[in-house]
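**Q** The following block contains the structure, expressed as C-alpha cells.
Values in this text are rule-based calculations from the coordinates and carry no lab data. Computed from a predicted model, the values in this text were never measured in an experiment. Positions of Cβ are generated from backbone atoms using ideal geometry, with glycine treated the same way; all protein chains shown enter the neighbour counts.
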Amino acid sequence: MKILHVIITLNSGGAEMLLKESLPIMDEKGVQTEVLLLSSGKNIYKKELEEKGIKIYETGVKNIYSPMQIFKMGPFFKEYDIVHTHLFPTQYWGILAKKIFRTNIPIVTTEHSTNNTRRKYKGLRWIEKLIYNNYNKIICISEDAKKSLVSWVPKIKDKTTVIYNGVNLKKFQNAKAYNRNELLKDVEIDKNSKLILMVSRFSKQKDQKTLLKAAKLLSNDYHVIFVGKGPLKEETMSLTEELNISNRVHFLGYRNDVERLVKSVDIYVQSSHWEGFGIAALEAMAAGTPVIASDVPGLSQVVEGGGILFPKGDHISLANSIEDICVSKEKYEDIASKCKIKSKEFSIEEMVNQYIQVYSELINI
C-alpha cells in the first residue's frame, strides 16, 4: 500500500505534527508513505522525516493559492494507491487535480479543526459542498470537528468518520524533566514557585491574553512560560509590560523538546477559543501534568474527566482553577493522576491502525 500525503508545509502545527509522529509508524506497519508539500518555505519537520526514510517532494510553486498547484500535483497521483490531503487550500487543489487528470485513485482528507474562516461566508458553501462531496472519505479528528463540518455540509455525513488524534504516550510518560536552572536559564526562580506552561501558536484563536490576565491575579510566585511563534507574539509580549508581569512571563520560542517541558512544569493551560483536537493538552496529560483548558469544542472532549475546564475567555475562573489545584497537594495529585489515565484513550498506535483500516477499505472497494 502506497499513500501520498499532501500538505502545505511541515512547519509547526497540529496537522504537521500528526504527520511527523504517525508516518514513521505507518512505515513500520508496512504502509509506504510519502509527502508532497505546496510550499518550499520553512519546514522544521522535513529533515526529521527524511532521516526516518520518508520521501518528501515539493510542487515548486511559490504561491500556495496559485491554481498552478493543481497541475504540479496531478502527475504525482498515478504513482499511489491513495492520496490524502490536509488543510486548505490543499483540500481544494487535491480534488481539482483528481478531476482534471481524470484519475480514479481514492482521495481522502482530514478535517483538522472545528472552525475556519471560510464558514463565515455563506457564498462559499456551494463550493465547499462540491469539494467535500468528491472525497471518498473524510476523517474528522474529533466528534466536535465532525459535528461542525456536517452542519456546514450536511450531505457528506455518510462519508465522514472520526479518528481521534493520538500521541506517543511513552515519549511523554518517560520524558526526563528539566531542573529549574536548566528550564529557564539566566532567570532566578524560587524552588517553591509554580510554573504554568502553554504551547501554542500566538494567534487570536489560542488566546494567550486570557492566561496573562489570569496571571495578573495570581501572586508573584506564579510564572508563565510560553512556547511557540506566531503573528501575535509581539502583541502578547507588550501586554505583559502593560500588566506589569513581564518579570514572571517567559517566552521560549519554538522548541523541539516539548515532552521534557511539560514534564517540568506544575500546570499546563490551553486557553484556546476553539480547537479541532487539543493535542498539546493531551501531551501534557500523558506526561502527568494537570491540565486546565477552556471549555470549547475539540478541547472539552480531550480534557473532560481528566483535567479542569473553565469558561472560554474567563480569566478570573482560570486564575481560581490554577490556585485551587496548586494550594492543595491532594487535589493536585488527583488531577495529575486523572489526566494520565484519560490520556491513555488516545494512543498514536491506535490512531495509525484506524487510518490503515480506512485505506484498506477504500482500496478493496
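**Q** Can you list the lysines whose alpha carbon sits under 27 Å from that of residue 72, skipping same-chain ones fewer than 8 residues off?
**A** Within the straight-line cut-off, residue 72 pairs with 2, 20, 42, 46, 47, 52, 55, 62, 98, 99, 129, 137.
**Q** Beyond 25 Å, what percent of the Cα pairs of the chain remain? Intermediate results must be reported in sequence, preceding the final value.
**A** Values: 36510 of 66430 pairs.
I get 55 percent for the Cα pairs in the chain exceeding 25 Å.
**Q** Which value in Å is the Kirkwood Rh of segment 45-131 over different Cα pairs? Don't jump to the answer; show the numbers that get you there.
**A** Working: mean 1/r = 0.0689 Å⁻¹.
Over segment 45-131, the inverse of the mean reciprocal pair distance is 14.5 Å.
**Q** A further question on this structure: ³J(HN,Hα) across segment 315-330 via Karplus (A = 6.51, B = -1.76, C = 1.60, θ = phi - 60°), whole Hz, x for Gly/Pro?
**A** Ordered by residue, 3J(HN,Hα) equals 5, 5, 4, 5, 4, 5, 5, 4, 5, 4, 5, 6, 8, 10, 4, 5 Hz.
**Q** Mind ranking 69-77, 222-230 by how tightly packed they are, going by the mean number of other C-beta atoms within 10 angstrom, highest first? Can you show the working numbers first?
**A** Working: 69-77: 19.2, 222-230: 20.8.
Ranking the peptides 69-77, 222-230 by packing returns 222-230, 69-77.
**Q** Using helices alone, what [θ] at 222 nm do you get for the chain, with -39,500 (n - 2.57) per DSSP H run of 4 or more residues, divided over all residues and rounded to the nearest 500?
**A** Values: 16 runs with 149 residues, N = 365.
That comes out to -11500 deg cm²/dmol.
**Q** Quick one: longest stretch of the chain between exposed loop GluC sites (Glu not before Pro), exposed meaning at most 16 other C-beta atoms within 10 Å and loop per DSSP?
**A** Working: sites that count: 188, 304, 345.
It works out to 1-187.
**Q** Of all trypsin sites (Lys or Arg not before Pro) in segment 182-216, which ones are in loop regions per DSSP and have a Cβ with at most 10 other Cβ atoms within 10 Å?
**A** On the way: sites: 185, 191, 194, 201, 204, 206, 209, 213, 216; in loops: 185, 191, 201, 204, 206.
Those that pass, being in a loop and sparsely packed, are 185, 191.
**Q** Extending each Cα 7 Å along its Cβ direction at residue 1 and residue 295, get the distance between those two points in nm, one decimal.
**A** 4.0 nm
**Q** Report the charge-dipole magnitude of the chain in Debye, nearest 20, computed about the Cα centre from +1 at each Lys and Arg Cβ and -1 at each Asp and Glu Cβ.
**A** On the way: 52 positive and 43 negative charges, 262 e Å.
So the dipole magnitude of the chain works out to roughly 1260 debye.
**Q** Viscosity 1.002 mPa s, temperature 20 °C: Stokes-Einstein D of segment 169-343 from its Kirkwood Cα radius, in µm² per second? Working shown, then result.
**A** Details: Rh = 15.8 Å.
Estimated via Stokes-Einstein, D reaches 136 µm²/s.
**Q** Per residue of segment 97-107, in order, report the coupling 6.51 cos²θ - 1.76 cosθ + 1.60 (Karplus, θ = phi - 60°) as ³J(HN,Hα) in whole Hz, putting x for Gly and Pro.
**A** 5, 4, 5, 5, 8, 6, 9, 9, 4, x, 10
**Q** Same structure again: Averaging the inverse of every distinct alpha carbon separation and then flipping it gives the Kirkwood radius. What is it for segment 132-259, in angstrom units? Walk me through the intermediate numbers first.
**A** Numbers: mean 1/r = 0.0565 Å⁻¹.
Taking the inverse mean of 1/r over all distinct Cα pairs, segment 132-259 comes out at 17.7 Å.
**Q** Continuing with this model, one more query. Along Cα→Cβ, 7 Å out, is where each label goes; now give me the distance between the ones at residue 71 and residue 173 in nm to one decimal.
**A** 5.3 nm
**Q** Another one. Report the one residue of 80, 69, 177 whose Cα lies farthest in the direction of the positive end of the charge dipole of the chain (charges on C-beta: Lys and Arg +1, Asp and Glu -1; origin at the Cα centre).
**A** 69
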